[in-house]
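Working notes for the structure below.
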Amino acid sequence: MSEQPFPTDWQIALVLVPHPDDPEYGIGAAVAKWTDSGKTVHYALASRGERGIAGMPPEQTGPLREVEQRRSAALVGVSDVAFWDFPDSDIRDTPELRAKIATTVASLHPDVVVTIYSGASWAPDAPNQRDHIEFSHAVAAAFDSLVEPPAWLFENGPEPTHCEAVDGYTERAVESLAAHEVYLSVLDPHTPVVEQARRQVEMTTPVREAVGGRAVDFILKRHH
């Protein structure tokens with residue numbers, strides 16, 4: 001079955017992810033399109049990614065990655081970026097995390113919630129991270145606990161049900177991911193940061209027949 005175009009009849013989206021750079025690795029082009037069209041997008045991150053840079057102590061990494069994430073978000077029109085200080089690399093589907101998610105959703109009243117993929121693997125040779133799986137399960141549980149949940153809950157991942165056309169926005173997504181400059185330069189010191197970013201954005205914005213061009217993929221998990 002062909003993917004459906006992403007809904008358009010909404011005004012506020014909340015993007016919930018476990019780490020810095022998680023939005024940019026998947027949905028940056030869609031976010032740029034949404035904010036350019038006048039929609040409001042909020043980011044909330046469970047951690048500051050303090051264990052994400054090899055050879056750098058957490059007390060240095062966390063603040064640096066926060067700065068890079070805020071800069072990255074601003075490039076796609078997102079000014080509200082919240083960090084919750086759950087432990088990087090040890091994010092679990094706990095009552096505390098569910099409560100924080102539910103409180104945030106209830107306070108912001110988004111029409112759409114977007115989170116990270118909950119599946120075990122992105123592809124046969126690409127297992128998903130435990131932080132991602134646990135976090136997205138917590139998002140779904142928190143969503144289900146709400147008396148008045150948002151209209152939609154989506155994950156960004158493979159085998160999509162919906163896709164957002166992003167022709168004309170992929171370069172913004174490249175710039176946004178490349179803003180994680182220190183993180184990417186340590187992750188792959190032999191490949192220029194912009195080249196790393198462009199490769200990732202091209203991989204995550206495949207051409208989809210449903211929209212006649214490049215698209216960001218989404219999986220519908222809940223609809224009210």
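The table that follows gives values for the structure above.
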{"item": "Förster radius 45 Å - calculated FRET efficiency between A99 and D167 (Cβ-Cβ, nearest 0.05)", "result": "0.70"}
{"item": "Computed helical MRE - 222 nm, the chain, DSSP H runs ≥ 4 contributing -39500 (n - 2.57), nearest 500", "result": "-12000 deg cm²/dmol"}
{"item": "Net lengthening on full extension, V186/D90 (0.36 nm per residue, minus Cα-Cα)", "result": "32.4 nm"}
{"item": "Order of R198, R92, R214, R65 under a 10 Å beta carbon neighbour criterion, fewest first", "result": "R92, R198, R214, R65"}
{"item": "Hz values of 3J(HN,Hα) by residue in the range 207-221 - Karplus curve (6.51, -1.76, 1.60), Gly and Pro given as x", "result": "6, 10, 4, 4, 10, x, x, 5, 8, 9, 8, 9, 10, 6, 9"}
{"item": "GluC sites (Glu not before Pro) within the range 152-224, DSSP loop, no more than 16 other Cβ atoms inside 10 Å", "result": "E209"}
{"item": "Spacing of the two label points (7 Å from each Cα toward its C-beta) at D80 and H137, in nm", "result": "2.9"}
{"item": "More than 24 angstrom apart: percent of Cα pairs within the range 1-159", "result": "32"}
{"item": "Rounded Å value of the spacing that divides the Cα centres of the range 103-147 and the range 1-67", "result": "12"}
{"item": "GNM top mover of D21, D111, D144 - the chain, alpha-carbon springs below 10 Å", "result": "D144"}
{"item": "Full-extension gain in nm, S37 to Q129, via 0.36 nm per residue minus C-alpha separation", "result": "29.9 nm"}
{"item": "Pairwise FRET efficiency - Q4 versus S121, Cβ, R0 = 25 Å, nearest 0.05", "result": "0.55"}
{"item": "Highest-fluctuation residue, P23, P149, P189 considered, GNM on the chain with Cα pairs under 10 Å", "result": "P189"}
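A short reminder: the numbers here are calculations on the coordinates, not readings from a lab. None of these values were measured; they are calculated from a predicted model. Every residue, glycine as well, gets a Cβ built from its backbone with ideal geometry; the counts of neighbours run over all protein chains shown.
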